[in-house]
Ligand SMILES: CC(C)(COP(=O)(O)OP(=O)(O)OC[C@H]1O[C@@H](n2cnc3c(N)ncnc32)[C@H](O)[C@@H]1OP(=O)(O)O)[C@@H](O)C(=O)NCCC(=O)NCCS
């Protein structure tokens, strides 16, 4: 098993993993939508994305993409979205291991907080807890407010996250929220 940052030339493989994983869990239409999103996030030089992946025998089995979440003060906050573990590799600790690896590296790079919009049952295992929207407003109206969650890195606290967040343009679309 090899977990590392994905290279730009691996964008197509990353997009394919998202397409296949979300097709299996949510159907072909959502699979294509998330695959296209991953491709766009990794191909917008003005809004750089960081993608970490796990390879098993040179096959990409899990990937997660981080982009900047702009907030109204000088914290370095990143939005984790999307995350996928290939169907045959799910429920074996791979998703948690990949996010933990990513958190260690991003913390070393000075990132103060991670924010995501996902299933708290999974992300609570990684230390994510709910954000109140009057504290940090999401980029778009939330259809599932309980999914708006964050995890401070290093010594940072939750109270520092304030204001209105804005995200990469590819994610700034009501369909994802
Ligand atoms: C959600 C996902 C990323 C989790 O990765 P994973 O490698 O399967 O998860 P892990 O093995 O690290 O952790 C699993 C634990 O998290 C918890 N969990 C809660 N909700 C979960 C969910 N929807 N899927 C998987 N685990 C979930 C469970 O406690 C589970 O433990 P259990 O199997 O003993 O019940 C992966 O299953 C996946 O890609 N699913 C399809 C795409 C998706 O829904 N992505 C959502 C993120 S954008």
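Values in this text are rule-based calculations from the coordinates and carry no lab data. Predicted model only: the values in this text are computed from it and were never measured. Methodologically, a virtual Cβ is constructed for each residue, glycine included, from the backbone with ideal geometry; neighbour enumeration extends over all protein chains shown.
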- Ranked by Cβ crowding within 10 angstrom, fewest neighbours first, how are 112, 43 ordered? 43, 112
- Query: Once both labels are modelled 7 Å past Cα along the beta-carbon direction, what's the residue 28-residue 129 spacing in nm?
  - Reply: 4.5
- Message: Please report the antiparallel percentage of DSSP beta bridges with both residues in the range 53-177, rounded to the nearest 5.
- Response: 75
- Message: Using only the alpha-carbon atoms, how far is helix 28-41 inclined from the longest principal axis of the chain? Give it as 0 to 90 degrees, nearest 10.
- Response: 70
- Message: Starting from 0.36 nm per residue, how many nanometres of slack lie between residue 4 and residue 20 once their C-alpha separation is accounted for?
- Response: 3.7 nm
- Helix 94-108: angle to the longest alpha-carbon principal axis of the chain, degrees 0 to 90, nearest 10? 50
- Item | Gap separating the Cα centres of the range 110-147 and the range 1-54, nearest whole Å | 21
- Message: Using a 10 Å cut-off around each Cβ, can you sort 42, 1 from fewest to most neighbouring Cβ atoms?
- Response: 1, 42
- With Cα coordinates, the longest principal axis of the chain makes an angle with the long axis of helix 11-26, in degrees rounded to 10, of 90
- Computed [θ] at 222 nm, deg cm²/dmol, the chain (DSSP H ≥ 4; -39,500 (n - 2.57); rounded to nearest 500): -8500 deg cm²/dmol
